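Beneath this line is the structure, given in structure tokens, with notes to follow.
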Amino acid sequence: MKRVITYGTFDLLHYGHINLLRRARSLGDYLIVALSTDEFNLNGKHKKSYFSYEERKSLLEAIRYVDLVIPEKTWEQKVLDIKEYHVDTFVMGDDWAGKFDFLKEEGCQVVYLPRTPEISTTQIKSDLKEMQRC
Ligand code: C2G
């Protein structure tokens, strides 16, 4: 069984996230999503998500491509996760290209997939603000 892992906040879940998850899952047989906790979002990423960790987790667990959701609490946990979950392939969108190549030293394939253009959680938030003005 080929095991794939990816990381993210996945707030205001949108088709860019789904495109990423679908392609990540197609690289193996089992997809783990390490989901940023509310605390990590605040302290590690300096952003606040609209949906809570539990809400974002339940959304991800409803997606056919996702087999397991675990918490992402720190930037540094990736090496341990890869060992603990016997991960073969690490996947991120290419906005992270090159940032996690060190994971290859753990014997893990590292894949950066093209982001889906024109959609992001930030874009959704600003569009909604604009709509309220109309
Ligand atoms: N993504 C994408 N296309 C978009 C938007 C997002 O492919 N239009 C991808 C991102 O590249 C990322 C994943 O979807 O691989 C999740 O996106 P975010 O929730 O924004 O993740 P991020 O905040 O970048 O957190 O340790 C890594 C971090 O947790 C990544």
Check: Quick one: how many residues across region 28-46 are surrounded by 13 or more Cβ atoms within 10 Å (Cβ to Cβ) and more than 25 Å from Arg3 (Cα to Cα)?
Finding: 5
Item checked: region 94-119, residues that are within 12 Å of Leu20 (Cβ to Cβ) and polar (S, T, N, Q) -> Thr116
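Since every read-out is calculated from the coordinates, none of them should be taken as a lab result. This is a predicted model, so every value here is computed, not measured. Quick reminder, even Gly has a Cβ in these numbers, built from the backbone with ideal geometry, and neighbours come from all protein chains shown.
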